[in-house]
1. How many times 2.2 N^0.38 Å is the alpha carbon radius of gyration of the chain?
2. Going by a ≥ b ≥ c, the root eigenvalues of the Cα gyration tensor, does region 5-141 fall in the rounded group (a/c under 1.5), the prolate group (a/b larger than b/c) or the oblate group?
3. Pick out, in residue order, every one of the GluC sites (Glu not before Pro) in region 135-175 that is DSSP loop and has at most 15 other C-beta atoms within 10 Å; say none if there are none.
4. Could you run the Karplus curve 6.51 cos²θ - 1.76 cosθ + 1.60 with θ = phi - 60° over region 201-216 and give me ³J(HN,Hα) per residue in whole Hz, x for Gly and Pro?
5. How high is the relative contact order of region 8-47, given as a whole-number percent (alpha carbon pairs under 8 Å, six or more residues apart)?
6. List Trp185, Trp207 from most exposed to least, where exposure is judged by having the fewest other Cβ atoms within 10 Å.
7. So what does the Cα-only Debye profile of region 173-220 read at q = 0.18, 0.23, 0.24, 0.32 Å⁻¹, as log10 I(q)/I(0), no solvent term?
8. Assign one of three labels to region 64-186, namely rounded, prolate or oblate, based on the Cα gyration tensor with a ≥ b ≥ c the square roots of its eigenvalues; rounded applies when a/c is under 1.5, prolate when it is not and a/b is larger than b/c, and oblate otherwise.
Amino acid sequence: MKLSLIVPCYNEEENIRPFHDAVVNAFRGENYDYEIVFVNDGSRDNTLGELKKLYSEVDTPLRILSFSRNFGKEAAMRAGLEHATGDLQCLIDADLQQRPEVVVQMVRRLDECPELDCVAAYQAQRSEDKKLSFFKERFYAMINDLSDVEFRQDASDFRTFRKPVADAVLSLNEYHRFSKGLLSWVGFNTEYMPYEVQQRAAGESKWSFTKLLQYAIDGIVSFSTMPLRLPTLLGASLCVVSLLMLLANILVFIAKPTAFSYDSLIIFLIVLLSGLQFLCIGILGKYLAQTFEQSKNRPHYLLKEVIEPKSKQEEKEEA
Ligand code: UDP
Ligand code: MG
């Protein structure tokens, strides 16, 4: 069984060699065949130079893909999956926050259990600051409410899976990619394995708070059309409020005509018209949501196995 380690790299010059050495150490003595697929995501430092140097110095099977500019980690992971040749594929960061020893454990699990398709690591203990943890918790609560797909909060992209899972993820062709969601969407048997996140070996995280927020919004938009349905709710609520206002106006008109004011009638009309406008936007949203879903062109289903009827000949042979 061959494993491909897919490693997106953006400005990781100091981590290339230590990452390679850590992988070699972790797999030493293990009977697994592996390759490392480095994807240089348009680094501005000497990451590509370091990769080429490593390529010329070591015997480890390396594959190097280098982007023309920075396209983002999602694009790098996709490119890696497209070019990897292993029966098992592992998504792992270059900064050694995710230890290759955990990959060995994942591969062992997949080796032991043929019915398992994917082993995903989750952070047993979060080491990030409280503010970020709070926002992440809110994000996962929200996306789990809004979407049909289940998102596990502490799970990252750090996972090892079989080729059919990789093919399934690649069959989802959408441009704005949210891998954690795509990997949940495709299904398959996934086991979660706890792991401890290490400190970054060198360099700093590429994710600012705004970048993370943008990624979270991408996730929600990719996996839920609920935001497009919000105007319908708002419109319906405003229409109900306007009808209550009309009722109140009629009651005032009957009970005490002198207290009746045409101003309140105008307010009623404004609220009613706003409500109707929002309802119309909601209807447009409904069509847009369907067009959006269609434009993603996701497969209608994914087959994991097909058992064909036995042919007469085979039945005779078996008998
Ligand atoms: N990365 C990438 N392209 C980017 C940003 C990050 O390929 O535009 C890579 C980065 O080199 C690393 C991995 O994605 O291998 C995770 O990035 P980082 O460590 O900055 O994220 P964090 O661990 O802080 O979530
Ligand atoms: Mg990192």
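1. Computed over Cα atoms of the chain, the ratio equals 1.37.
2. Cα axes put region 5-141 in the oblate bin.
3. Glu150, Glu174
4. Running phi through 6.51 cos²θ - 1.76 cosθ + 1.60 with θ = phi - 60° gives 5, 7, x, 10, 4, 8, 9, 7, 4, 5, 5, 5, 4, 4, 5, 5 Hz.
5. The value is 80 percent.
6. Neighbour counts put them in this order, fewest first: Trp207, Trp185.
7. -0.88, -1.04, -1.03, -1.10
8. Because its axes are fairly even, with a/c under 1.5, region 64-186 counts as rounded.
Only the coordinates and a few stated rules stand behind these numbers; no lab work does. This structure is a prediction, so every number in the text was calculated from the model and none was measured. Glycine also receives a Cβ, built like all others from the backbone with ideal geometry; neighbour counts cover every protein chain displayed.
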